[in-house]
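Comments concern the structure below.
Read-outs: derived from the displayed coordinates by stated rules, not from any lab. The model shown is predicted, which means the values in this text are computed figures rather than measured ones. Neighbour counts run over all protein chains shown; Cβ positions are idealised from the backbone, glycine included.
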Amino acid sequence: MSKRLCMTVTAILLTVLLVLTGCNQNPQDKQNAEQPEQVSLQLSLEEYPVMDGSTANLPMMAEILSEVCAIPLEEAEELTTCSKTSRAWENITNGSADILLVYEAAEKTKALLEESGVELEITPVGRDALVFINNENNPVKDLSQQQLTDIYTGKITNWQDVGGEDQNIVAYQRKDTSGSQSLFMKLLMQDAQPMEAPQELKPAEMDMLIDELASYNNEGNALGYSVFYYASYMYQQPGLQMIAVDGVQPADETIADGSYPLLNEYYVVIRADEPENSPARQLRDWIVGEEGKAAMTKAGYIPLV
């Protein structure tokens, strides 16, 4: 056989082998091979953008700092602070913060943001819930949205009217600029106007509200609200219970599957004029990606899928 003929036969055999190999290849393996691996974001502490946000997002902020800067979580927790919801929104517009992990702004804060003229990129990243809390000795374990609205507008004033004991309902609220008050107005009250609560029933901080609910006269007639993550994982107090709304108990599962009715998203926020490769924009992109979602889940949060 001539040398040229041998080369031709060899080429044909190689071609057939490649075709057969391609036919037997798993399409999913081929697709995975074509997809580049996701590159992890690594920033030094000096490069890390100034992050601000809501109190309930502090553990998430610490977990993200720990992973992106490759430092122990305990160190990240010590370095993580926040100005709380309303101030955080103000700080992103005045340049005091570069990126936020934050709950929805109150209407008054939204008006200030509009007046600032600063354009923001606001991306929903996770889901939380507005939850209502009373004393565990209170026999009322479930209220409808209508009953809650009637309580906070003053139409229902006694627990007896919703299946409880003959006690006046002491309904706590939060200050107007707080994140939980914003959710309360948006998700429950909507177009209804809540009754004006006495100042002593409007604690400035979420932990103060929970403390007040736990200690009020050592009785079961107080009612208040918070966000699920904070009340469940950040500041638990013995003697309290989260009540079901419309028959659905707030829990990780009912928030994730959307069956609990009072749900809202929280956001990662940067200024629209952030340069393409700025640390803030890089971090925002990482947070909304798969690695960011994994970090949120690791910290106990419920990311949007």
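Details
- Near the amide H of Leu120, within less than 5 Å, lie the amide hydrogens of Ala272, all on another chain or at least 5 residues away, with H placed in the peptide plane.
- Residue order, fewest to most surrounding Cβ atoms within 10 angstrom, among Met242, Met195, Met189: Met195, Met189, Met242
- Loop GluC sites (Glu not before Pro), the range 250-305 (other Cβ atoms within 10 Å of the site Cβ: 13 or fewer; DSSP): Glu276
- Value of Rg to Rh for the range 90-158 (Rh from inverse mean 1/r over Cα pairs, i.e. Kirkwood): 1.15
- Each part reduced to its alpha carbon centroid, the range 156-190 and the range 101-128 end up 25 Å apart.
- Integer Hz, Karplus 6.51/-1.76/1.60 couplings in order for the range 270-278, x for Gly and Pro: 9, 6, 5, 8, 4, x, 4, 10, 5
- Listed pairs Lys84/Lys293; Lys108/Lys186; Lys108/Lys298 exceeding 24 Å between Cα atoms: Lys108/Lys298
- Couplings 3J(HN,Hα) for the range 174-183, derived from phi with the Karplus relation 6.51 cos²θ - 1.76 cosθ + 1.60 (θ = phi - 60°), are 10, 5, 4, 8, 6, x, 5, 5, 4, 5 Hz, where x marks Gly and Pro.
- Span from the the range 237-305 Cα centroid across to the the range 43-90 one, whole angstrom: 15 Å
- Rounded to whole numbers, the Karplus 3J(HN,Hα) couplings from phi for the range 156-165 are 10, 10, 10, 4, 4, 6, 10, x, x, 8 Hz, using 6.51 cos²θ - 1.76 cosθ + 1.60 with θ = phi - 60°, and x at Gly and Pro.
- Scanning residues 5 or more positions from Gln167 or on other chains, those with amide H under 5 Å from its amide H are Trp159, Gln160, with H placed 1.01 Å from N in the peptide plane.
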